[in-house]
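Reviewing the structure listed below.
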Amino acid sequence: MTLRGAAAIIGIGELPTQRTTTGRSMIGLMGDAARIAIHDAHLRPKDIDGLVTEGGSIYPGFASEYLGIRPKFASGSSMMGASGPTGVLLAAMAVQNGLANNVLVVIGTARNPAIPPAADGRPSYRGEFEDPYGMSAGANTGYGMIYKRHMEEYGTTEEQFAKMAVNQRFNTLENENSVFKGQPITHEDVMSSRYVNYPIKLLETVMPCGGAAAVVVTTAERANASLNKPVYILGGGAAADPLTGWHRDKLTESPVARSAPLAFEMSGYTPRDMQFAQFYDCYTILEAMCLEDAGLVPKGEIGNFFDSTDTTYKGEFPINTDGGQLSSGQPGLAGGFRHVVEAARQIMGKAGVRQIEKNDIGLVNG
Amino acid sequence: MTAEYKKPVPRPSMNPEVSAPFWAGTKKHEIWLQYSKGANKFMFPPREVSPGDLTPMEELVWTKVSGKGRIYSYTTIYQPAIAAFAEEAPYVHALIQLDEGVRMVGNIVDMTEDEVRNNSLQINTRVEAVFEDVTPDWTLVKWRRIEE
């Protein structure tokens, strides 16, 4: 199967080039080009379910937030001047493989001296509408509000969230690649750790670290000849939601609610077939919300689930068997990638002391 | 108003010209939002197109709104990212759902330290905007609790 004839461009949009884009920003120009292309395609913005932006200069999540598009496939295509054509290839691969039906590829640049450079080089609302009210570090503020909202809507307790952190710490104790190797914690330790911002406690957040991860992917045919047990990719999805968490329509729902159903549909399996999970865990609340949105736990019942389920590598449903990021440290941009590596390690049977017995099929959220 | 305001004032890095009417509104102690006729909804933060339907900027109408809403969620900041806030911590950073449907973040101004430390603030509490003229150029929107 190749890309030949599998996908087509059905709408185009372009703005006049201007030496100076007076009054306009990059994302604003992108919005106009997007509207023109979508109209030209005889579609409506709500028909767009895939979004590719340049990525390095503007996150797909921020474009989603600004344009009000909620894609079930989103990606960056950071290739400098070749980002557009690369983005079209990504879009073609996405539609060919059922990741989305209508992908908007939109890229722009503003030349407007009235716009000062953003603090981290990418547009966001933080400096204008959040920082003046005293944010916490990183993404803490938004996740604190999501955590509080989960408690309000579902009655989840801080005690229940703390159990996630304790189980993962157990999993990491003999992990050679973990910054917390050999450092156990108790439920009481988590509960008595200080608030970074209520309801998030210190031991419910990741420690920023350095690190790196890598994998090699090949065709199923070539994989059969591999000396390692092949780790087949059965399905997947890559959705994006607003970068600013409070722009989500429903604070307690993550884009996993759109990506996971796609992955399951593609695979022919259901959440009940999963034997383990490796899930992104910058905070206990984020992991909890994503486990629910993936269908591994009914929405709102994550608290009861952690009360009644052993999620260590010795338990009935192992989660984050290497300690996850919460208990191994977060290697920055490689953070979500570590979960892929640990899933592959478990399936290959290379996990050593923490090897799980049922290791045929699992779900990864990075 | 004080000459030595040490905390950050708004840094409009998206598009200062687009958000200027919002900040001109707060200086008059009013909240003004863009209204999209195409989408039949208010918008915040200010944009060059309306989210969802991509109505162009020329068709977005700045409109004065009530300045009332409810607490949708909040977090209590014990460890601010910016040092100038340190001596005030802990304080509440709240997400307000305005009656017009949009959300904004801000602080709740009338809480005692006990109320803050006991997490006694209730979601859905009714609030209204109050305005703090922090410098001659900038007026911030904050929120205080009101009766239903």
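The values are calculated or read from the model by the stated rules, or taken from the named source; none is laboratory data. Computed from a predicted structure; not experimentally measured. Cβ coordinates were reconstructed from backbone atoms using ideal geometry, including for glycine residues, and neighbour counts include every protein chain displayed. Remember, those area values only see protein heavy atoms, side chains included, never the ligands or the DNA or RNA. Shrake-Rupley method; radii C 1.70, N 1.55, O 1.52, S 1.80 Å.
Would segment B:105-115 turn up any residue that is open to solvent by less than 10 Å² (accessible area, probe 1.4 Å) and more than 30 Å from residue A:25 (Cα to Cα)?
no
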**OP:** Might you check whether a residue that is touching a Ser or Thr at 6+ places or on another chain (Cβ under 9 Å), surrounded by fewer than 18 Cβ atoms within 10 Å (Cβ to Cβ) and of a type in the set (Ser, Thr, Tyr) occurs anywhere in segment A:207-223?
**Re:** yes
Subject >> Long-range neighbours under 6 Å by Cβ, at least six apart or interchain, first residue modelled with pLDDT under 95 within segment B:128-148, second surrounded by 14 or more Cβ atoms within 10 Å (Cβ to Cβ) and among the β-branched types (Val, Ile, Thr) >> reply: none
**OP:** Given the conditions (1) outside any helix (DSSP H, G or I); (2) within 14 Å of chain B (Cβ to nearest Cβ), report the number of the one that residue A:144 does not fulfil.
**Re:** (1)
Subject >> Filtered residue count, segment A:105-128, keeping only those that are in contact with a strand residue (DSSP E or B) (Cβ under 7 Å, 6 or more places away or on another chain) and either open to solvent by 10 Å² or more (accessible area, probe 1.4 Å) or at the interface with another protein chain (Cβ under 7 Å from one of its Cβ atoms) (or both) >> reply: 2
Original post:
If you check A:43, A:3, which single one turns out to be part of a loop (DSSP other than H, G, I, E, B), within 14 Å of chain B (Cβ to nearest Cβ), on the phi < 0 side of the Ramachandran plot and among the hydrophobic types (A, V, I, L, M, F, W, C)?
Top reply: A:43
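So for segment A:259-267 (the condition being part of a loop (DSSP other than H, G, I, E, B) and not assigned by TED's automatic domain parsing to the domain that holds residue A:100), does at least one residue qualify?
No: zero hits.
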Original post:
Just checking, which of A:17, A:21 is of a type in the set (S, T, N, Q), more than 8 Å from every other protein chain (Cβ to nearest Cβ) and surrounded by 11 or more Cβ atoms within 10 Å (Cβ to Cβ)?
Top reply: A:21
Subject >> Residue that is farthest from residue A:146 (Cα to Cα) [pool: residues in segment B:66-83 that are within 11 Å of chain A (Cβ to nearest Cβ), open to solvent by less than 10 Å² (accessible area, probe 1.4 Å) and in contact with a Leu (Cβ under 8 Å, 6 or more places away or on another chain)] >> reply: B:71
Original post:
Given the residues B:87, B:30, B:58, which is the only one that is open to solvent by 30 Å² or more (accessible area, probe 1.4 Å), assigned by TED's automatic domain parsing to the domain that holds residue B:143 and out of contact with any helix residue (DSSP H, G or I) (no Cβ under 8 Å at 6 or more places or on another chain)?
Top reply: B:87
Subject >> Pairs where the first residue, in segment A:86-99, is assigned by TED's automatic domain parsing to the domain that holds residue A:1 and in a helix (DSSP H, G or I) and the second is surrounded by fewer than 16 Cβ atoms within 10 Å (Cβ to Cβ) and among the small types (Gly, Ala, Ser), C-beta under 7 Å, 6+ apart >> reply: A:92/A:6; A:96/A:6
Subject >> Output for segment A:178-198, where each listed residue is part of a loop (DSSP other than H, G, I, E, B) and without any contact (Cβ under 8 Å) to a residue 60 or more places away in the chain >> reply: A:181, A:182, A:183, A:184, A:185, A:186, A:193, A:194
**OP:** Using the structure shown, decide if residue A:133 is farther than 20 Å from residue B:118 by Cβ, buried (at least 17 other Cβ atoms within 10 Å of the Cβ) and within 14 Å of chain B (Cβ to nearest Cβ).
**Re:** yes
Original post:
In the list A:100, A:162, which residue meets the criterion of being surrounded by 23 or more Cβ atoms within 10 Å (Cβ to Cβ), more than 9 Å from chain B (Cβ to nearest Cβ), in contact with a Lys or Arg (Cβ under 7 Å, 6 or more places away or on another chain) and at negative phi?
Top reply: A:100
